[in-house]
Amino acid sequence: MTSVSTAPDSATTSVALSGVSKVYGRGENAVLALDRVSLDVAPGEFVCLVGASGCGKSTLLNLVAGLDTPSGGTIRVGEDIAASGPESPGRPPASSGRLPSPGLMFQEPALFPWLTVAANVELPLKLRGLSRAERRNRVAELLDTVHLGDFGRRRPHELSGGMRQRVALARTLALDTPVLLMDEPFGALDAMTRDLLHDELERIWTERRLTVLFVTHNVREAARLADRIVLLSSRPGRIIYETRVTTPRPRRIDSAEVAAVAAEVTDRLRTEVGRHGR
């Protein structure tokens, strides 16, 4: 089932994509990465994007984050609209009074190795112009949120992979945006650490009432976390299937209910990959 959206109401939609396309290159070398993608994400909803490698999941996330501009269609994040075409290229400046850009978290934590944990988390607060006292209090609160309150003076190399991802999450939360974009944030972690971080993310999402758009190759992970799973086709990326996950929370990744949802989505993904011969 394909999601088609028309002029969403900002009161009921946190992220809205309408006919979004992305083309890289020109002429004979042009590559259509995304083709007329329309998707509405409600405030507080947790949506997982899945699909074969190269289907445009990360491209879509970068467009929503404002790191790139769509070749066609419009993207709306709260009151912040990015539209294609010469008349409206990109997003309005942050000083316009609109909602802040979404927070984007990558697979790699990308921490500055010469800075302490606290200093890494403090960076977005400095950019926001908070006073030193405000920054100190906010950093302490954020580190407590990700259960790293005693690690502020450590440097990234002194932490485990899971702890570094918690620091990256705290730094993203420092942006104080209601929309969190996550691009395979736990893909490089071992199964147990990933499972623990699923619990942490779900707790933070619930407490802060965040809207989450989460990219993953792991269908079981999507079934564990999502309110809704959206499957993209092989390139060019189009939405070809959606399903709501109604299994009560909290969920276990090894539960029969999560496995059943994952199996349904995997079957759809296998069909799509087989159709394209890869």
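The values are calculated or read from the model by the stated rules, or taken from the named source; none is laboratory data. Because the structure is predicted, anything quoted here is derived from the model rather than measured. All Cβ positions, even for glycine, are placed from backbone atoms using ideal geometry, and neighbour counts span all protein chains on display.
The residues of the range 213-224 that are over 14 Å from GLY51 (Cβ atoms) and surrounded by fewer than 24 Cβ atoms within 10 Å (Cβ to Cβ) amount to a single one, ARG220. Screening VAL117 on (1) of a type outside the set (Ser, Thr, Tyr); (2) modelled with pLDDT of 60 or more; (3) surrounded by fewer than 20 Cβ atoms within 10 Å (Cβ to Cβ) shows it passes everything except condition (3).
Just one of (1) closer than 20 Å to GLU108 by Cβ; (2) of a type in the set (Val, Ile, Thr); (3) in a helix (DSSP H, G or I) fails for VAL212. It is (3).
Candidates VAL4, VAL20, VAL41, VAL47: the one that is at pLDDT below 85, closer than 18 Å to GLU242 by Cα and not polar (S, T, N, Q) is VAL4. Residue pairs whose Cβ atoms lie under 7 Å apart, sitting 6 or more positions apart in sequence or on different chains, and linking a residue in the range 241-255 that is in contact (Cβ under 8 Å) with a residue 12 or more places away in the chain to a partner that is small (Gly, Ala, Ser), are GLU242/SER3; VAL245/ALA223; VAL245/ALA226. Among the residues making up the range 71-81, those that are in contact (Cβ under 8 Å) with a residue 12 or more places away in the chain and surrounded by fewer than 24 Cβ atoms within 10 Å (Cβ to Cβ) are SER71, GLY72, GLY73, THR74, ARG76, GLY78, GLU79, ASP80. Scan the range 186-205 for residues that are in a helix (DSSP H, G or I) and touching a residue at least 12 places away in the same chain (Cβ under 8 Å) and the total you get is 12. Taking the range 146-185 as the range and being in a helix (DSSP H, G or I) and of a type in the set (A, V, I, L, M) as the test, the residues that pass are MET163, VAL167, ALA168, LEU169, ALA170, LEU173. Every test in (1) out of contact with any Gly (no Cβ under 8 Å at 6 or more places or on another chain); (2) touching a residue at least 40 places away in the same chain (Cβ under 8 Å); (3) part of a helix (DSSP H, G or I) is passed by GLU272 save one, and that test is (1).
Checking each residue in the range 19-46 for being among the charged types (D, E, K, R) and part of a helix (DSSP H, G or I) picks out only GLU28.
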